[in-house]
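Structure first, commentary second.
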C-alpha cells in the first residue's frame with residue numbers, strides 16, 4: 001500500500017469560469033436554523049404550522065436553486081395540500097417537516113429520469129416501497145432532486161454543463177450521486193432529504209457538503225422497483241441530515257413502519273453509549289492511491305479525539321480486501337450500465353431513447369460487453385462478500401475509522417459529464433477508495449463532517465461496523481457530535497454569522 005502523500009492534486013486544479021461563493025438559505029422564518037427534529041417539535045407545540053414550514057422551504061429552495069441547480073421537478077402544489085391536511089395527533093417524528101426525494105426512485109405523480117436525458121419524463125403511477133416508508137415519517141416533499149445519469153459517479157454533473165454546486169463553495173462538487181439532496185440540506189433550504197447509496201452515494205455528498213450520511217446495513221430499509229431485482233443488492237436508501245439525532249430518528253421511524261426480519265432492531269438512539277470501544281484506524285485504502293494530506297490530518301485528529309474520550313484506538317489497523325474486489329465491483333457496476341442501456345425501454349418505458357445516453361454510461365456498457373464472460377465469477381464472488389466480510393472485519397475492532405474519500409472534494413469539472421470515459425473512470429476510482437466495499441458486503445457505515453480543508457470546506461470521516469450494528473455507529477456519532485460539534489452540519493452552519501467549520505486539533 002502506498003503511503004506517499006506528496007502526489008499532485010489535480011482534483012483541486014481543474015478550473016471553470018465560475019467564481020466560487022458560499023450559498024446560504026438560512027433566514028428568519030418558520031424554519032430558522034432548526035434541524036428536522038427541531039422543526040417537528042415546533043409544529044407539534046403549535047408554535048408554527050406545517051403550512052408555514054412548507055412555505056418557508058418553498059421560498060428557500062426558490063432562492064438558492066438558481067445558484068445550486070439542485071432540483072429537477074417541484075412538487076409544490078401537493079406539498080401545500082399535504083401541509084394543510086396534516087393529520088392531527090400523528091406520532092410521526094417528522095410530521096409536517098419539508099423535504100425532497102432524489103430523482104431515481106418511484107414517486108406517484110412525479111417523473112423519474114434517473115438524471116439521464118434518455119429517460120422519458122413520465123409521471124409515476126405509484127410510490128415505491130421505500131418512498132412509502134419515507135413518507136411514513138411525516139415528511140412533506142417539495143421537489144425531486146438532481147443526480148448524475150443513473151447515479152454512476154461521485155459528483156452531480158450532467159453533460160452540457162448542467163451541474164449541482166456545493167453551497168460551501170460553488171466552484172466545487174456537491175458530491176454524488178445524491179448531490180442535489182445534499183446541496184439543499186447543507187444550504188439550509190431543507191432540514192432533511194432522501195438519498196440512496198450504491199457505492200457511496202449518501203456518504204460522498206455528505207462528506208462534500210458537511211452533512212451526516214448513514215448507509216445502513218443491507219435489508220434495514222425497504223427498496224424500490226428500480227433496484228429490487230438487482231442480482232447483488234448494493235443499493236440502500238436513506239437520508240442526508242445536518243444532525244445525528246435526525247438520522248437516528250429517521251432510522252427509528254423507518255424501523256417502526258417496517259422492521260427488518262433479518263437484522264437486530266436498532267430502536268431510537270438518543271445519545272452516546274457508555275461502552276468504550278476498540279477502534280481500528282485505517283488511513284489509506286488498499287484500492288486507491290494514498291490519502292491526501294488534508295484528509296489524512298482529519299482522520300488522525302478524530303483518532304486522537306476518540307483516544308481522549310477513552311476509546312482504544314489502533315492506528316495500524318488493516319481491513320483486508322480481496323485483490324479481485326476492485327475489478328469485480330467495476331465489472332458489476334458496468335453490467336448495470338449495460339442493462340440500463342440495452343433494456344431501457346423495458347426498464348423505463350417506451351419513451352426511452354438510447355441515442356441520448358451520456359458518455360460515461362456508454363463507456364461502462366461497452367466495458368461490460370467486453371467482459372461478459374466474467375459475469376458468473378464476479379457475481380458469485382460479490383454475492384458471497386457479505387459472508388466473507390464478517391470474517392475479514394478486524395477481530396480486534398468494534399468499529400473502523402477511515403476517510404470517507406481518498407482526497408478532498410474536487411472542483412466542478414474534474415468529474416464532468418462531458419469527460420471522455422477513460423479519464424472519468426480513472427479519476428473516479430482514485431477518489432472513492434473506501435465507500436464501495438460496504439455496498440458489496442452489506443455492512444453499515446456513516447460519514448461525519450469532522451474535518452475541514454485549509455480554506456474551510458468540509459472533509460468527511462467515516463466509521464464502519466459489522467452488519468446490523470447501526471446502534472453502535474449512531475452512539476459513537478452522538479459522542480463525537482457532543483465532543484466536537486459538527487458545525488459543518490449543525491443548525492445554522494451556513495448562516496452568515498457562523499460560516500466556520502469546526503476543526504479538530
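The values are calculated or read from the model by the stated rules, or taken from the named source; none is laboratory data. This one's a predicted model, so the numbers in the text were calculated from it and none came from an experiment. Positions of Cβ are backbone-derived with ideal geometry, glycine not excepted, and every protein chain shown enters the neighbour counts.
Observations
- Residues satisfying the stated conditions in region 291-321, i.e. assigned to a loop (DSSP other than H, G, I, E, B) and more than 23 Å from the chain's Cα centre (by Cα): 309, 310, 311, 315, 316, 317, 318, 320
- Residue satisfying all of: in region 353-379; more than 27 Å from the chain's Cα centre (by Cα) and not in a helix (DSSP H, G or I); surrounded by the most Cβ atoms within 10 Å (Cβ to Cβ) among these: 371
- Selection over region 164-188 of residues that are outside any loop (DSSP other than H, G, I, E, B) and buried (at least 24 other Cβ atoms within 10 Å of the Cβ) gives a count of 13.
- A count restricted to region 421-467 and to residues that are assigned to a helix (DSSP H, G or I), more than 21 Å from residue 239 (Cβ to Cβ) and either in contact with a helix residue (DSSP H, G or I) (Cβ under 8 Å, 6 or more places away or on another chain) or modelled with pLDDT under 95 (or both) stands at 10.
- Residue in region 247-256 that is touching a strand residue (DSSP E or B) at 6+ places or on another chain (Cβ under 8 Å) and within 23 Å of residue 401 (Cα to Cα) present: yes
- Residues that are touching a strand residue (DSSP E or B) at 6+ places or on another chain (Cβ under 7 Å) and under 21 Å from residue 475 (Cα atoms), drawn from region 282-300: 282, 298, 299
- Checked against (1) surrounded by fewer than 16 Cβ atoms within 10 Å (Cβ to Cβ); (2) modelled with pLDDT of 95 or more, residue 64 passes all but a single condition, namely (1).
- In region 115-138, residue nearest to residue 161 (Cα to Cα) [restricted to those that are in contact with a helix residue (DSSP H, G or I) (Cβ under 6 Å, 6 or more places away or on another chain) and surrounded by fewer than 23 Cβ atoms within 10 Å (Cβ to Cβ)]: 117
- Residue in region 273-295 that is surrounded by fewer than 18 Cβ atoms within 10 Å (Cβ to Cβ), modelled with pLDDT of 95 or more and touching a helix residue (DSSP H, G or I) at 6+ places or on another chain (Cβ under 6 Å) present: yes
- Of all the listed residues (141, 120), the sole one being over 20 Å from residue 333 (Cβ atoms) and part of a loop (DSSP other than H, G, I, E, B) is 120.
- Of all residues in region 240-260, none are at pLDDT 95 or above and farther than 24 Å from residue 95 by Cβ.
- Residue count for region 189-214 satisfying the condition of being more than 8 Å from the chain's Cα centre (by Cα), more than 11 Å from residue 460 (Cβ to Cβ) and part of a loop (DSSP other than H, G, I, E, B): 5.
- Only one entry of 478, 434 meets the criterion of being within 19 Å of the chain's Cα centre (by Cα) and buried (at least 24 other Cβ atoms within 10 Å of the Cβ), and that entry is 434.
- Residue 132 meets the stated requirement of being assigned to a helix (DSSP H, G or I) and touching a residue at least 12 places away in the same chain (Cβ under 8 Å).
- In the set (1) in contact with a helix residue (DSSP H, G or I) (Cβ under 8 Å, 6 or more places away or on another chain); (2) part of a loop (DSSP other than H, G, I, E, B); (3) more than 30 Å from residue 160 (Cα to Cα), residue 25 fails one condition alone, (3).
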